[in-house]
Every structure is written in C-alpha cells, then in structure tokens.
Amino acid sequence: MASHNPNATQGYTATADRAMGNSRPKLSRRASLLTRNRAFDGYKITDRSAGARSSRRACLMPELTLRRVFFVGLWMCIQSIVLVYKWVTVGQKAKSAFTGFTSAAMSCMMVSYGAIFLFMSPTLLELLRRTFISRYVVIEKNVHAHKIAAYTFLFWMVAHIAAYYYIFEGVAAKSKGNVTFSYMLFQTMVGKTGHAMLFLFFALCVASIPVVRRRFHEVFYLMHHMFIPTTVLLVIHGKGKSFPYYIAGPGAIYVIDRVYRFVRSRFRHPRILSVIQHPSDVIELKIEKRGMNFQVGQFAYINVPSISLLEWHPFTLTSAPEEDELSMHIWIAGGWTRKLVLALQGCAVSTLQQQPSADLVQLSDESKEP
C-alpha cells in the first residue's frame with residue numbers, strides 16, 4: 001500500500017502493464033471506468049496525525065441537542081415509573097421496602113435489556129422514522145440510545161447484585177453455619193448463573209471500550225454476540241419469574257429484523273464501477289445502484305467478505321438520488337479502510353488483466369440519516 005510502499009503510489013496501470021508485457025488488450029467496460037477515473041493515481045496514504053487523534057477524542061462526547069435531551073428525559077421518566085411502581089407494589093405486598101427495591105431494580109434492568117434489542121433493530125427504527133416520532137427523537141442516533149440503555153442496564157445490574165449479596169449474607173447468618181455465604185454465591189443455580197452473566201457482561205464491556213473496539217473490531221463484534229448465552233442464562237436465572245416476558249417481544253423483533261437483513265444482504269452484491277483516490281486520504285467508490293432508493297444524507301452498510309465476513313461499516317451516500325450510480329467518499333482512517341484500499345488495488349490489477357474476479361462488496365441498503 002502507498003503508506004508502506006512508495007512504488008505503489010505510481011498507480012495500478014504501470015503494474016498491470018509490466019504484468020502484461022506492455023501489451024494492453026481491449027478493456028472491459030468495468031476496467032475502462034477504473035482507468036478513466038484515475039484509481040490510485042499517486043496520492044500518498046498518510047498515517048493519522050496527532051491532531052486527528054485529538055479531534056477524534058473531542059468527538060467522543062455526543063453533541064447536546066434538544067431532541068437528545070428529550071430522549072434522555074423520556075428514558076429517565078420510563079425508568080422512574082417502573083422503579084416507583086414496582087417498589088411500592090412489591091414492597092407493600094411483602095411488607096418490606098428492601099424487597100420492593102430489589103424487585104424494582106430487577107424490573108428496571110429487564111426494561112433496559114429489552115430496549116437494547118429494540119435500539120439495534122434498524123428495520124423497525126426505519127419504520128418509526130417515517131412517523132411523527134422522528135420529530136421529537138433522533139431515531140438515526142440509535143447507537144447512542146443503545147449505549148444509554150446498556151449503561152442503565154449495567155447500573156441496575158450492580159444494584160441488583162449488591163442487593164442479593166446482602167440477602168445471601170443474611171440467609172447465611174440466620175442458618176447458623178448450615179448454609180455458608182460462598183455456597184449461596186457459587187453453588188446455587190441463582191448464584192452460578194448470576195456470576196456467569198456478570199463475567200460475560202464484563203467481557204462485553206471491556207471489548208466495547210473505544211480503544212479496543214477500534215483496534216480489534218472483530219473481537220468487539222464477536223463479544224457482542226455474547227448476548228445470546230447471556231439471554232439464555234438470564235431466563236434460567238429468573239426461572240419462575242417475569243424475566244422472559246420482558247425480553248420475549250423485543251427479542252423476537254430483533255431476531256426477525258436480523259434474519260431479514262441477513263437474507264436481503266445475500267442477494268445484493270453490486271459491482272464497483274470506479275474507484276477514485278482523492279487527496280487527504282479519501283477514496284471515492286462508485287457502485288451500481290440496482291434500484292436502490294434513498295434520500296440525501298442517508299448511509300448504507302458495506303461488507304467486504306475478502307476482508308471480514310463479520311464487519312459491516314456505514315458510509316454516507318454522496319451521490320444524488322437522481323443519479324444512476326451510488327457514490328461514497330471513504331476516509332482512510334483505520335485498519336479496515338486500509339485493507340479496503342489494498343483489496344481495491346488488487347481488484348483493479350486483476351480487472352485490467354481481464355482475469356475473472358468475484359464481487360467485492362455486499363451492500364445492505366438500510367439507508368438512514370447519520
């Protein structure tokens with residue numbers, strides 16, 4: 001690649017000429033477009049500067065807007081209603097405020113867990129975006145909402161664990177040595193499943209740290225799928241209680257959404273029509289539109305199987321809806337985008353040599369405003 005190999009910045013055309021002994025055959029339409037659009041024609045790919053890293057750190061805090069404040073306020077109201085209702089009703093029934101708080105914390109935790117599923121269901125959110133709700137809530141910022149729900153879940157999980165540690169200590173003290181505190185924690189079904197979930201969620205949180213997520217995206221992606229065993233353990237942990245009812249609906253919506261997007265993406269392998277490398281470490285991709293409808297400012301997810309079967313990255317569509325091609329301007333900012341450049345360079349060379357090549361990109365047209 002250009003940042004490591006100065007000769008690579010001379011463009012793929014010279015490389016292809018040497019490979020073909022300076023005898024250029026008649027090019028296909030795809031190869032002609034690549035040639036005409038000056039793909040990789042000499043711009044050096046530079047490393048990210050300290051200034052860019054500092055600006056990235058400055059962008060970690062989300063912008064404070066009226067609609068974001070509205071969402072956070074609405075979310076806190078929902079949590080408060082669940083907390084007060086369960087605390088009062090269960091506390092009065094059990095004649096114990098502590099028991100009421102324990103049940104309330106558990107209910108708030110499960111409401112947050114169900115919301116995590118809903119906030120990561122793009123198809124559902126796209127339907128909601130077409131309603132009046134989008135006037136008050138920035139539905140496109142669902143990842144931020146997902147994080148808020150996750151932080152809330154973590155908060156109530158800690159409260160729930162602390163409450164049950166206190167309960168287990170009381171049970172062990174009243175048993176006069178017949179039942180030990182360690183037995184309650186690690187040998188009962190509630191204790192074993194609870195600590196297993198705690199370990200899985202802790203590993204998931206570590207993988208979600210921005211530094212880890214950017215450097216090891218596949219680890220982050222795989223660890224997020226620990227929600228599957230976590231959900232199973234959660235149902236076992238709360239056997240005989242209302243746990244399954246909190247997550248049955250949101251979980252079913254998420255599964256349907258996930259299957260629908262997976263099936264749809266398998267049938268969308270558009271061809272790359274041209275690649276243009278711009279200054280400032282930016283490349284432009286022009287891709288077949290194939291009947292895709294979108295609006296200005298929306299984005300689409302891209303997957304490159306030759307790089308990773310798991311990673312889907314969103315990029316803003318920079319072409320107008322009336323154009324016959326989709327265009328995306330991609331800033332070469334990390335490991336995945338640098339691998340994309342290498343894959344495109346290799347694809348360009350093989351295309352000019354008129355060797356058959358597989359489709360490079362899978363496109364998921366979950367177009368949304370960033």
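The values are calculated or read from the model by the stated rules, or taken from the named source; none is laboratory data. Quick caveat: nothing in here was measured; it's all calculated off a predicted structure. Cβ: placed from backbone, ideal geometry, glycine included. Neighbour counts: every protein chain shown. Accessible surface is based on the protein model in full, side chains and every heavy atom, while ligands, DNA and RNA are left aside. Shrake-Rupley method; radii C 1.70, N 1.55, O 1.52, S 1.80 Å.
Residue-wise HN-Hα couplings along the stretch 192-207, as the Karplus relation 6.51 cos²θ - 1.76 cosθ + 1.60 with θ = phi - 60° gives them from phi, are 5, 5, x, 6, 5, 5, 4, 5, 5, 5, 5, 4, 5, 5, 5, 5 Hz; Gly and Pro carry x. In the context of the full set of protein chains, the stretch 110-190 has a per residue accessible area of 56 Å² (1.4 Å probe).
Applying the criteria of a DSSP loop state and at most 14 other Cβ atoms within 10 Å to the chymotrypsin sites (Phe, Trp or Tyr not before Pro) of the stretch 187-220 yields Phe216.
Percent relative contact order of the stretch 256-341, based on C-alpha pairs within less than 8 angstrom and at least six residues apart?
Working: 122 pairs, mean separation 22.4, N = 86.
Computed over the stretch 256-341, the figure is 26 percent.
The relative contact order of the stretch 96-177, computed from alpha carbon pairs under 8 Å that lie at least 6 residues apart in sequence, is 43 percent. Measuring between their Cα centroids, the stretch 172-234 and the stretch 294-308 lie 34 Å from each other. Annotation: amide H-H contacts under 5 Å for Gln277 (H modelled 1.01 Å from N, sequence separation of 5 or more, or interchain): Phe40, Asp41, Glu284.
Identify the trypsin sites (Lys or Arg not before Pro) of the stretch 66-164 meeting these criteria: DSSP loop state and at most 13 other C-beta atoms within 10 Å of the C-beta. Counting only loop positions with at most 13 other Cβ atoms within 10 Å, the trypsin sites (Lys or Arg not before Pro) in the stretch 66-164 are Lys95, Arg130.
Please state the relative contact order of the stretch 184-241 as a whole percent: Cα pairs under 8 Å, 6+ residues apart?
42 percent
Let me know the charge dipole size of the stretch 111-219 about its Cα centre in debye, to the nearest 20, where only the beta-carbon of Lys, Arg (+1) and Asp, Glu (-1) is charged.
Around 180 debye, computed over the stretch 111-219.
Here the 3J(HN,Hα) profile of the stretch 104-116, calculated from phi with Karplus coefficients 6.51, -1.76 and 1.60 at θ = phi - 60°, is 5, 4, 5, 5, 4, 4, 6, 4, 5, 5, x, 5, 4 Hz, Gly and Pro shown as x. Looking at the stretch 209-276, the accessible area is 60 square angstrom per residue; that uses a 1.4 Å probe and ignores ligands, DNA and RNA. Here the stretch 293-335 exposes an accessible surface that is 55 percent carbon and sulfur, computed with a 1.4 Å probe and the other protein chains kept in place. Overall, the accessible surface of the stretch 114-254 at a probe of 1.4 angstrom is composed of carbon and sulfur to the extent of 73 percent. Along the stretch 72-84 the Karplus relation, 6.51 cos²θ - 1.76 cosθ + 1.60 evaluated at θ = phi - 60°, assigns HN-Hα couplings of 4, x, 5, 5, 5, 5, 4, 5, 5, 5, 4, 4, 5 Hz to successive residues, with x for each Gly and Pro.
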